[in-house]
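Below: the structure, in structure tokens.
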Amino acid sequence: MSPYFAPLLGGMLLGAAATILMIVNGRTAGISGIVGQLLNGSKWMEDAAFVLGLCLGPLAYAIVFGNLPHVQIAGSGALIALAGLLVGFGT
């Protein structure tokens, strides 16, 4: 199997989920907003299902393909933390 298959499939599934959420509910799939609304209590079932789906995605992958792909992250922890903060600040 090509090493590009899993990332491509994951991106397509995430894109499809975001598109369906926008079409059905008129909401974007921004994780910050969804978790914030989950903590506020508004539409908590819908938001909990979305977050649970994100968390259970790797389990579904492991069941279908037999294991999780090996992921090696190159870069310093500080740089990765800075990137995460910048992305979070943008949302």
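Since every read-out is calculated from the coordinates, none of them should be taken as a lab result. All values derive from a computational prediction rather than experimental measurement. Neighbour counts run over all protein chains shown; Cβ positions are idealised from the backbone, glycine included.
A few comments on the model shown:
- Label-to-label distance for Ala78 and Lys43 is 4.0 nm, based on points extended 7 Å past Cα in the beta-carbon direction.
- (i) 16.8, 63; (ii) 14.5, 44; (iii) 15.5, 43, with the label sought being that of the calculated Rg and Dmax of the Cα atoms in Å: (iii)
- Coil-residue chymotrypsin sites (Phe, Trp or Tyr not before Pro) of the chain, DSSP, other Cβ within 10 Å capped at 10: Tyr4
- Summing charges over neighbours of Phe50, with a neighbour being any other residue whose Cβ is under 13 Å away from its Cβ, gives 0 when K and R count +1 and D and E count -1.
- Average Cα contact separation per residue, the chain, under 8 Å, 6 or more apart, as relative contact order %: 17 percent
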